[in-house]
Amino acid sequence: MGAEAPYNVVPEGSVITPKGFKAGGLHCGLKKTTRHDLGAIVCDVPAAAAAVYTTNVFQAAPLQVTRESIGQEGRLRAVLVNSGNANACTGKQGEEDAYTMRSRFAEQLQVEPHQVAVASTGVIGELLKMDRVLSGIQEMPARLMGTQEGADDFCQAILTTDLVQKTVCVAVEVDGKTVHIAGAAKGSGMIHPNMATMLGFVTTDAAIGSESLHYLLRQATDVTFNMITVDGDTSTNDMLLAMASGLAGNEELTQRHPDWEAFSAGLKYVCEVLAKAIARDGEGATKLVEVQVGGAITDESARAIAKTVIGSSLVKSAMFGADANWGRIIGAIGRAGQPVNPETVDIRLGDIVVLEQSRPVAFDEEKALAYLKGDTVHIYCELHMGEGRATGWGCDLTYDYVRINAAYRT
């Protein structure tokens with residue numbers, strides 16, 4: 001974060017830091033382990049809500065339910081999330097189960113069903129064990145807390161193959177009042193989002209309408225969650241959901257508000273931190289790989305090139321082996337389907353120049369090896385064609401990725 005950033009990171013913050021939110025989690029028996037597998041975030045008041053969803057044709061039943069809930073009045077009181085089972089490709093029964101989750105949790109909270117969103121993540125094609133889910137729903141209200149323990153329990157409940165919890169919080173001044181924006185996410189495999197992430201949840205106490213929140217959420221997603229890839233697979237369940245309680249007491253944020261850009265920057269930062277955490281926690285990953293593309297004809301072109309490089313199995317394998325094989329990078333740039341002058345490309349690995357004006361540059365192989373063995377690798381690609389820029393994030397491709405996914409269901 002630069003010194004001029006219009007927000008401050010809140011190191012101990014979480015999804016319950018914004019005013020009006022509680023969270024919790026518990027183990028209801030969907031996972032073979034005893035790790036929590038049912039979680040919820042609840043707001044004291046109807047919160048302005050917005051979401052973006054996977055573009056996968058096979059969309060899981062919970063996405064349909066959440067889209068319907070938000071579509072009624074753009075406000076939510078709660079989101080209920082289970083892990084261990086995606087409730088995807090489960091037909092009519094899966095839809096009924098998702099609606100049952102919504103209605104039963106609404107009954108527990110004494111709110112209208114359309115004020116509850118649902119999300120699921122885990123194995124595709126298996127019906128939920130609804131007796132266990134319903135038992136957990138009945139117990140959930142007692143587990144909701146406006147404390148760090150509640151936030152931690154929620155973060156644990158949404159994980160699948162993730163190794164770490166992913167959370168972040170910032171504070172922004174709006175109308176002279178402190179507004180908090182916080183987020184939690186899960187994801188480490190089947191990550192190649194398009195208009196969403198695996199599962200992400202943002203809370204804020206800013207006063208902002210549903211349409212304005214959706215606009216900012218989509219804008220932030222395009223340059224953060226949509227710029228990560230772990231394995232090139234877009235999930236059936238990807239969703240990013242935001243809720244705004246409005247309890248900070250600011251004047252409603254619109255594009256004409258003087259603090260609109262500050263709030264937008266804070267939201268983007270929250271999304272970027274979560275997106276990078278997902279990329280770093282890729283299944284079996286040993287390092288975060290960041291690709292910066294400059295000099296493209298447009299930002300959109302730069303994004304496409306960055307995603308192609310970061311998603312290349314050959315580039316990812318080279319990063320795992322700490323092999324400074326820039327040929328794999330140039331190959332990915334050339335097949336991205338974007339305008340590129342084959343005579344003007346520069347490539348750097350960190351501060352090590354390996355290609356200049358599309359011609360090889362002699363470099364210290366030992367220095368490159370040492371750099372690529374680090375836990376974060378930066379690849380810079382300069383095209384010298386225009387002003388377009390973009391950054392993408394991913395990870396290396398390891399033996400462990402194959403091991404984890406070879407036995408994911410069993």
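The values are calculated or read from the model by the stated rules, or taken from the named source; none is laboratory data. Since we're looking at a predicted model, the values are computed, not measured. Heads up, the Cβs are rebuilt from the backbone with ideal geometry, glycines too, and the neighbour counts pull from every protein chain shown. Areas reflect the complete protein model, heavy atoms only, side chains present, ligands, DNA and RNA absent. Shrake-Rupley method; radii C 1.70, N 1.55, O 1.52, S 1.80 Å.
Miscellaneous remarks
- Some residue of region 239-247 being modelled with pLDDT under 95, crowded, with 20+ Cβ neighbours inside 10 Å and closer than 14 Å to residue 216 by Cα: yes
- Residue count for region 161-174 satisfying the condition of being open to solvent by less than 50 Å² (accessible area, probe 1.4 Å), aliphatic (A, V, I, L, M) and either touching a Ser or Thr at 6+ places or on another chain (Cβ under 9 Å) or free of Cβ contacts under 8 Å to residues at least 24 places away in the same chain (or both): 3.
- Among the candidates 60, 50, 98, 119, residue that is aliphatic (A, V, I, L, M) and farther than 26 Å from residue 245 by Cα: 60
- Residue in region 324-343 that is part of a helix (DSSP H, G or I), at pLDDT below 95 and either touching a Phe, Trp or Tyr at 6+ places or on another chain (Cβ under 8 Å) or more than 26 Å from residue 240 (Cα to Cα) (or both) present: no
- Restricted to region 66-93, and to residues there that are small (Gly, Ala, Ser) and in contact with a strand residue (DSSP E or B) (Cβ under 9 Å, 6 or more places away or on another chain), the residue that is nearest to residue 30 (Cα to Cα) is 84.
- Subset of region 296-309 (residues that are touching a helix residue (DSSP H, G or I) at 6+ places or on another chain (Cβ under 8 Å) and either open to solvent by less than 20 Å² (accessible area, probe 1.4 Å) or aromatic (Phe, Trp, Tyr) (or both)): 296, 305, 306, 309
- Counted residues, region 356-373 - those being open to solvent by 100 Å² or more (accessible area, probe 1.4 Å) and either in contact with a strand residue (DSSP E or B) (Cβ under 6 Å, 6 or more places away or on another chain) or among the β-branched types (Val, Ile, Thr) (or both): 1
- Residues that are in contact (Cβ under 8 Å) with a residue 24 or more places away in the chain and under 23 Å from residue 295 (Cβ atoms) are absent from region 398-408.
- Considering residues of region 374-388 that are under 22 Å from residue 278 (Cα atoms) and not hydroxyl-bearing (Ser, Thr, Tyr) only, the residue surrounded by the fewest Cβ atoms within 10 Å (Cβ to Cβ): 375
- Single unsatisfied condition, residue 86 versus (1) out of contact with any His (no Cβ under 9 Å at 6 or more places or on another chain); (2) over 17 Å from residue 238 (Cβ atoms); (3) among the small types (Gly, Ala, Ser): (2)
- Here the condition is being modelled with pLDDT of 95 or more, within 25 Å of residue 122 (Cα to Cα) and either basic (Lys, Arg) or under 21 Å from the mean Cα position of the chain (by Cα) (or both); of 267, 288, 217, it holds for 217 alone.
- Residues that are under 30 Å from residue 85 (Cα atoms), open to solvent by less than 50 Å² (accessible area, probe 1.4 Å) and among the charged types (D, E, K, R) do not occur anywhere in region 336-355.
- Checked against (1) at pLDDT 95 or above; (2) outside any strand (DSSP E or B); (3) aliphatic (A, V, I, L, M), residue 184 meets all criteria but (2).
- Selection status of residue 261, assigned to a helix (DSSP H, G or I), modelled with pLDDT of 95 or more and surrounded by fewer than 18 Cβ atoms within 10 Å (Cβ to Cβ): yes
- Among the residues listed as 118, 123, the single one being modelled with pLDDT under 95 and among the hydrophobic types (A, V, I, L, M, F, W, C): 123
- Per the listing 270, 289, the residue uniquely closer than 30 Å to residue 177 by Cα and crowded, with 24+ Cβ neighbours inside 10 Å is 270.
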